[in-house]
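I have placed the structure first, in the form of structure tokens, so that the comments after it can refer back to it.
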Amino acid sequence: MAVITISRELGSEGDKIADLLCREMGYCRVDSAMLAQIAEEAGVNVEAVLEKERAVTRRPKLVSSDMTSLYRKDPSAFGKQDAIDDQTYARVVRETMEQYAREGNAVIIGRGGQMILQDWPTALHVHLYADLEVRVRRLVGRMNISEVDAKRRIERSDEQKLQYIRHVRQNASWKNLKYYHLAIDTGRISPEAAAQMIISAARDVDEAQARAQG
């Protein structure tokens, strides 16, 4: 079965669409769970992975505070090593994503899935975006913050994703459409309609793979 990777701008309804996909397709959602697996396979404390991702983006907030607190609850579960080098991080991220891709039935959110699984035959890569004004309005309504603060958060998030993807694939742009099979403007397309578009495309990927195998 297909594996779906989602790259999403902050304020583009990416989480809602991912949840719709998982509910309607019976897929598992892979985001914070991947962080734990990365740490376990690297033999490091989850905090070491968090620190590596902060260093990659040169910003402090690639990983949300909620995710950070979640995995700090039992850091000893993943061994005693308190640092992870670039090569180990890149290897275990790739191997973890490939494991999910082999198993299928997964929605992988972020962490450069569209790059790492670029040539994976059963992968469907999706980019979700919207106009800045739409994204600002959504954050203002959802988080009860000012427009200035919403815009600042969006700019910071975009910069973090830019730096992370450049780290995953040197000089690559996370908004370059050549890395995606679908790009959906969620300022014009509702989350429900976007989910149906992705589901249809994923089924098409499955059918094409079945034909190729025989």
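Among the conditions (1) more than 18 Å from Met115 (Cβ to Cβ); (2) in contact with a helix residue (DSSP H, G or I) (Cβ under 6 Å, 6 or more places away or on another chain); (3) among the hydroxyl-bearing types (Ser, Thr, Tyr), Ser146 misses just one, which is (2). Listed by position, the helices (runs of 4 or more DSSP H) enclosed by region 127-214 that each have at least 3 residues that are of a type in the set (Gly, Ala, Ser) and within 20 Å of the chain's Cα centre (by Cα) are 191-213.
Return the only residue of Leu182, Leu132 being modelled with pLDDT of 95 or more and buried (at least 17 other Cβ atoms within 10 Å of the Cβ). Quick ask: steps written out before the conclusion?
Values: Leu132 fails: buried (at least 17 other Cβ atoms within 10 Å of the Cβ).
None of the other options fit; the residue is Leu182.
Residues that are among the β-branched types (Val, Ile, Thr) and surrounded by 12 or more Cβ atoms within 10 Å (Cβ to Cβ) within region 141-161 comprise Ile145, Ile154, listed in sequence order. Across region 150-162, not a single residue is classified as over 13 Å from Leu10 (Cβ atoms) and either out of contact with any Gly (no Cβ under 7 Å at 6 or more places or on another chain) or at pLDDT below 95 (or both). Sub-9 Å Cβ pairs linking a first residue in region 3-27 that is closer than 16 Å to Val136 by Cα and touching a residue at least 12 places away in the same chain (Cβ under 8 Å) to a second residue that is crowded, with 24+ Cβ neighbours inside 10 Å and among the basic types (Lys, Arg), at least 6 apart or interchain, are Glu9/Arg135; Leu10/Arg135; Gly11/Arg135; Ser12/Arg135, ordered by first then second residue. Scanning region 101-108 for any residue that is under 15 Å from the mean Cα position of the chain (by Cα), of a type in the set (Asp, Glu) and part of a helix (DSSP H, G or I) turns up nothing. Being of a type in the set (A, V, I, L, M) and either touching a Pro at 6+ places or on another chain (Cβ under 9 Å) or surrounded by fewer than 17 Cβ atoms within 10 Å (Cβ to Cβ) (or both) is a property that does not hold for Met115. When each of Ile189, Ile199 is tested for being touching a residue at least 40 places away in the same chain (Cβ under 8 Å) and closer than 21 Å to Arg23 by Cβ, the lone residue that passes is Ile199. Taking region 1-42 as the range and being among the charged types (D, E, K, R), in contact with a strand residue (DSSP E or B) (Cβ under 6 Å, 6 or more places away or on another chain) and either closer than 15 Å to Ile116 by Cβ or at pLDDT below 70 (or both) as the test, only Asp31 passes.
The values are calculated or read from the model by the stated rules, or taken from the named source; none is laboratory data. Quick caveat: nothing in here was measured; it's all calculated off a predicted structure. Virtual Cβ from ideal backbone geometry, glycine too; neighbours counted across all protein chains shown.
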